[in-house]
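J.: Please find one structure pasted underneath; my questions will follow.
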Amino acid sequence: MHNAMTAGDGARVLSGGGGPEALGEVERTSLRLPRDMTIAAWQRLGERIAGLSDSSAWWIGDWLVFGQERFPDRYKRAMAETTLDYQTLRNYAWVARRFVPDRRCADLTFQHHMEVAALTEEEQDHWLDFASRLSWSRNELRKQVRASRESADEPDESEVRLSVRIAQDRLDRWEAAARKSSTTLTEWMGAVLDRAV
């Protein structure tokens, strides 16, 4: 494990857990690496940074859930004091609530969990198990879940299929809105149309 020690100028020095060698210096807005760093050390450090980045989403989510449960009057203020937008913070807290720590798959990213958070626990476990065993990316997991839902949504005699031609940028905006609502595009469109009538 890499450790950080404070240097004299306030920068934090990254050192290897197994030895005294300095791997670099970090500050809030920079990472300075030694010119003689090996490719192996560079790769290990990149994996650690990516792991920390992914972990921070869980940490923020757990922090927000704790704050909402213990300090309800301070929760919104805490959210306002972070540098992330309100919707992102709400998403982090929502996913953290949907997956208690024992149900989180350490070999999958926070984004994998977000993809299936709206499903039942049984469905979540099913899809995360597949993603883990088959080393699916977040995008592959999304694609597989959508394909499964579309095949399950085959129309019966009471359903009608519609075909809509729209510009790609409009489709992208609609899909983003559906993701924020934690629904499929079809469900989101139906809800919007129902509200309009």
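J.: Less than 12 Å Cβ to Cβ from W127, Lys/Arg counted +1 and Asp/Glu -1: what total charge do the surrounding residues give?
T.: Numbers: positive: R133, R138, R142, K143, R146, R149; negative: E115, E121, E122, E123, D125, D129, E140.
My count for the surroundings of W127 gives -1.
J.: Also, I was wondering about something else. Given a Förster distance of 45 angstrom, what is the FRET efficiency for V100 paired with D169, based on the Cβ-Cβ distance and rounded to 0.05? Don't jump to the answer; show the numbers that get you there.
T.: Values: r = 38 Å, r/R0 = 0.85.
In this case the efficiency is close to 0.75.
J.: Among residues other than A96 whose Cβ falls under 12 Å from its Cβ, what is the net charge (Lys/Arg +1, Asp/Glu -1)? Write down the numbers at each step before the final one.
T.: Numbers: positive: R90, R97, R98, R103, R104; negative: D62, E69.
Net local charge, A96 excluded: +3.
J.: What does the extension gain come out to for R74 and N139, with contour length at 0.36 nm per residue minus their alpha carbon separation? Intermediate values should be presented prior to the final figure.
T.: Details: separation 65, 0.36 × 65 = 23.40 nm, distance 3.56 nm.
Value of the extension gain: 19.8 nm.
J.: Which length gain, in nm to one decimal place, applies between D54 and T29 when the Cα-Cα distance is subtracted from 0.36 nm times their residue separation?
T.: Numbers: separation 25, 0.36 × 25 = 9.00 nm, distance 1.79 nm.
Once the chain is fully extended between D54 and T29, it gains 7.2 nm.
J.: At 1.4 Å probe size, put W42, W174 in order of accessible surface, largest to smallest. Intermediate values should be presented prior to the final figure.
T.: Working: W42 140, W174 55 Å².
Final ranking, largest accessible area leading: W42, W174.
J.: Would you kindly find the accessible area of D62, with a 1.4 Å probe and non-protein molecules such as ligands, DNA and RNA excluded, rounding to the nearest 10 Å²?
T.: For D62, the solvent-accessible surface is approximately 60 Å².
J.: Would you work out if segment 67-197 is rounded, prolate or oblate? Take a ≥ b ≥ c from the square roots of the eigenvalues of the alpha-carbon gyration tensor; rounded if a/c is under 1.5, else prolate when a/b is larger than b/c, oblate otherwise.
T.: Working: a/c = 2.05, a/b = 1.31, b/c = 1.56.
In terms of gyration-tensor shape, oblate.
J.: Sort the following peptides by mean Cβ neighbour count (other Cβ atoms within 10 Å, averaged over residues), highest first: 88-95, 132-139. Don't skip to the end; give the middle numbers.
T.: Values: 88-95: 19.2, 132-139: 12.5.
Taking the mean over residues of other Cβ atoms within 10 Å, the ranking is 88-95, 132-139.
J.: Next question. What is the diffusion coefficient of segment 21-102 in µm²/s, taking the Kirkwood radius over Cα pairs and the Stokes-Einstein relation at 37 °C with a viscosity of 0.692 mPa s?
T.: On the way: Rh = 14.9 Å.
Diffusion coefficient, whole number: 220 µm²/s.
The values are calculated or read from the model by the stated rules, or taken from the named source; none is laboratory data. In this text, all values refer to a predicted model and were calculated from it rather than measured experimentally. Every residue, glycine as well, gets a Cβ built from its backbone with ideal geometry; the counts of neighbours run over all protein chains shown. All accessible areas refer to the heavy atoms of the entire protein, side chains included, with ligands and DNA or RNA removed. Shrake-Rupley method; radii C 1.70, N 1.55, O 1.52, S 1.80 Å.
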